[in-house]
Amino acid sequence: MKNILQFTFLLAFSLILFSCGNADDDISFDINDRELGLGEEPDDCLGFGENELLLSIQDEFTSLPGKVSVLFRVSDLMGNPISGLSADQFSIYEQGRNDNCFNTISSSESFARISPNSQVFNNNTLLVLDLSNSVLESGLDELKTATTSFINNVMPTPATDSFKMAIYWFDGEDELHLLNPLTTSVSELTTSVDGITADISNDFSTDLYGAVIKSTDIAEDLLNENSEVINAASVVLFTDGTDQASRYRESDALKAVEEADRNISYFTIGLGAEIDTEVLTKIGKTASVFASNSEELENTFNDISQRVEEQAGSYYLFEYCTPKRDGSGESNLVIQLTHNSLKGAVQTKFSANGFTGGCE
């Protein structure tokens, strides 16, 4: 019996060691206790100290003759996205098998650059509109104007296949109605919005929680649609009231948001005095805005459009040519960012197997 207990203890201890040893490439950066991406904290030998900015790796790959590519998101410590960065704000450090610590790699000599991420990244926005009776009776014109402004602000010009938007609407029915499928066309989206009429709905109630759950399911499906690229999605939900249909529980809607994939962002826009700001803030965990009347609606939509645009722009495909060559084994890589006197860094690994010169 004693031998059995000893064996059980040793087996459990070994499993713990194994699980810890394989956690380096999949850690949490502790924003709201949510996992942001892959990577690990830089080695202490670099002496960087605590991160003031967060770089969370979404994907990484190499290509011959010697290029290293890393797709990552950048945010501050509160999770706010940071867009508009340039390659000269990043520093590269490599550590090979014979290096005690990391060596700096010249950004200019390695042709470091921020490349268009459309080859490996898709971003889809789901605009979800409350078209219950209260909106259709008193605020439809203002909603259409605000929605059109939102579309024009968010959709890139010129259009790109890597950024699409779809529009859904809900009322009291147990259905998330499709107004316009995913498209890159601004004119197609605005024409659909312009075609909304006061008699579009047959149910005057509001199935808010159902809309949250269903839009999350759609966003999750979009993330899994193409395994060859990294997919992200934004759910932007507008409502002027609380859930009246009682088809779904509030806790289930909030759970859907909380447990959603890390690459789904949630934004909410609330209108009027009947909204529950606390619930909408939880649903819009990325950002929430509120308008007291329909005249303020366009400004609030514009506020959210800026946040959606920043979120999409916070994904970067950083590429450079490494001096490491075949036979060097697995190398450690650290990318450090400096932005507005703040710094952040992330560490990962790559293999230089088969690498030669001539990379550009």
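The values are calculated or read from the model by the stated rules, or taken from the named source; none is laboratory data. None of the values given here were measured: they were computed from a predicted structure. Counting neighbours? That spans all protein chains shown, and the Cβs are built from the backbone with ideal geometry, glycine included. Remember, those area values only see protein heavy atoms, side chains included, never the ligands or the DNA or RNA. Shrake-Rupley method; radii C 1.70, N 1.55, O 1.52, S 1.80 Å.
Just a few scattered comments:
- Residue 337 vs. criteria open to solvent by less than 10 Å² (accessible area, probe 1.4 Å), in contact with a strand residue (DSSP E or B) (Cβ under 9 Å, 6 or more places away or on another chain) and more than 21 Å from residue 73 (Cα to Cα): no
- The selection criterion, being within 22 Å of residue 122 (Cα to Cα) and either open to solvent by less than 10 Å² (accessible area, probe 1.4 Å) or modelled with pLDDT under 90 (or both), does not hold for residue 331.
- Qualifying positions in segment 213-229 - in a loop (DSSP other than H, G, I, E, B) and among the small types (Gly, Ala, Ser): 227
- Residue in segment 230-247 that is open to solvent by less than 30 Å² (accessible area, probe 1.4 Å) and assigned to a helix (DSSP H, G or I) present: no
- For segment 184-221, the set of residues classified as open to solvent by less than 50 Å² (accessible area, probe 1.4 Å) and touching a Lys or Arg at 6+ places or on another chain (Cβ under 8 Å) consists of 184, 193, 196, 207, 209, 210, listed by residue number.
- Scanning segment 261-287 for residues that are under 19 Å from the mean Cα position of the chain (by Cα), at pLDDT below 95 and small (Gly, Ala, Ser) yields 265, 287.
- Once segment 98-123 is narrowed to residues that are aromatic (Phe, Trp, Tyr) and over 30 Å from residue 164 (Cβ atoms), the residue that is most open to solvent (accessible area, probe 1.4 Å) is 111.
- Candidates 295, 360 - the one that is out of contact with any helix residue (DSSP H, G or I) (no Cβ under 6 Å at 6 or more places or on another chain) and part of a helix (DSSP H, G or I): 295
- Candidates in segment 281-316 are the residues that are of a type in the set (S, T, N, Q) and in contact with a Phe, Trp or Tyr (Cβ under 6 Å, 6 or more places away or on another chain); of these, the one that is most open to solvent (accessible area, probe 1.4 Å) is 286.
- Scanning segment 157-183 for residues that are open to solvent by 40 Å² or more (accessible area, probe 1.4 Å) and of a type outside the set (A, V, I, L, M) yields a total of 9.
- Just one of the listed residues (71, 54, 126) is modelled with pLDDT of 95 or more and crowded, with 20+ Cβ neighbours inside 10 Å, namely 126.
- Unmet requirement for residue 346, which otherwise passes all of (1) hydrophobic (A, V, I, L, M, F, W, C); (2) touching a residue at least 40 places away in the same chain (Cβ under 8 Å); (3) within 30 Å of residue 161 (Cα to Cα); (4) open to solvent by 10 Å² or more (accessible area, probe 1.4 Å): (4)
- Criterion violated by residue 250 - all others in (1) at pLDDT below 95; (2) surrounded by fewer than 19 Cβ atoms within 10 Å (Cβ to Cβ) satisfied: (1)
- Filter result for residue 151 (assigned to a strand (DSSP E or B), crowded, with 16+ Cβ neighbours inside 10 Å, under 20 Å from the mean Cα position of the chain (by Cα) and of a type outside the set (Asp, Glu)): no
- Tally, over segment 251-270, of residues that are part of a helix (DSSP H, G or I), free of Cβ contacts under 8 Å to residues at least 40 places away in the same chain and either among the charged types (D, E, K, R) or touching a Phe, Trp or Tyr at 6+ places or on another chain (Cβ under 6 Å) (or both): 2
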